[in-house]
Amino acid sequence: MNRYPALLIAAMLTIPGAYASGGSESATASNPKWRTECGSCHLSFPPKLLPAASWRALMGSLDKHFGTDASLDAATSGNILAFLEKNASRGQPETTGKPQLRITQTRWFQSEHDEVPARLWKDPRVKTPANCAACHAGSENGSFNEHNIHLPK
Ligand code: HEC
Ligand code: HEC
């Protein structure tokens, strides 16, 4: 299945330990507050998908969260941030020097997905690249395994 070995290797180097082992059992860290609070508007994105600096920046600006207000009380947000930092990706930071807030704009995401036809990103059933569940059947459980991808037909 490694049709793009160079890209896969690049992705593994960027997020070591996350998908190098096959993806299925690698992003399953969970925390009840994170599941409910960060899973009410979209998938509760697994902490392994971004480095700690990105999670800190996201959690520090929840009142201005991609055009919406996702504020939490200090105790809940501290609990969630500790969980995200502990399980974050240990990959290289982005070369821009600024923490990347979007998973979908990281280099590893873009190289993993550069073969996905442009029309699919715009498909009404997908709407946004952040809608992982539209294509990854196991994403609710943190699995993005290449054997469990079902593209909208
Ligand atoms: C009130 C709704 C709401 C809540 C609650 C919420 N988010 Fe979001 N989040 C959004 C919206 C809207 C977007 C932008 C989606 C898009 O552009 O497709 C987003 C995007 C994101 C992205 C970037 C996705 C990408 O494009 O790669 C991350 C990461 C994220 N949220 C993390 C969190 C975390 C962590 C929490 C919990 C602390 C949280 N969100 C809670 C509404 C919410
Ligand atoms: C429009 C469909 C689509 C969406 C939406 C999508 N993906 Fe994917 N994803 C794919 C396809 C197709 C592949 C396989 C690419 C290939 O091998 O050419 C893939 C591959 C991956 C891989 C590598 C899997 C492996 O076993 O090598 C990861 C990790 C991944 N996606 C994560 C995500 C995350 C996280 C999101 C949401 C933020 C997401 N994807 C959104 C279609 C999608």
ask   = What is the sum of charges around Val126, taking Lys and Arg as +1, Asp and Glu as -1, for the other residues whose C-beta is under 13 Å from the C-beta of Val126?
value = +4
query = Amide H neighbours of Gln100 under 5 Å, counting only residues 5+ apart in sequence or on other chains, H built in-plane at 1.01 Å?
reply = Glu94
query = In nm, to one decimal, how far is the modelled label at Asp63 from the one at His42, with both set 7 Å along Cα→Cβ?
reply = 2.2 nm
query = How many nm is it between the label spots at Ala137 and Ala82, if each spot is 7 Å from the Cα in line with the beta carbon?
reply = 3.8 nm
query = Put Lys153, Lys33, Lys122 in order of accessible area, largest first, 1.4 Å probe: what do you get?
reply = Lys153, Lys122, Lys33
query = Arg35 to Ala118: FRET efficiency via 1/(1 + (r/R0)^6), r the Cβ-Cβ distance, R0 41 Å, to the nearest 0.05?
reply = 0.80
task = Order the following by accessible area, largest value first: Val116, Val126. Probe radius 1.4 Å; ligands, DNA and RNA are ignored.
result = Val116, Val126
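The values are calculated or read from the model by the stated rules, or taken from the named source; none is laboratory data. Because the structure is a prediction, the values reported are computed rather than measured. Using ideal geometry, Cβ is built from the backbone for each residue, glycine included, and neighbour counts are taken over all protein chains shown. What goes into the accessible areas is simple: the full protein's heavy atoms, side chains included, and nothing from ligands, DNA or RNA. Shrake-Rupley method; radii C 1.70, N 1.55, O 1.52, S 1.80 Å.
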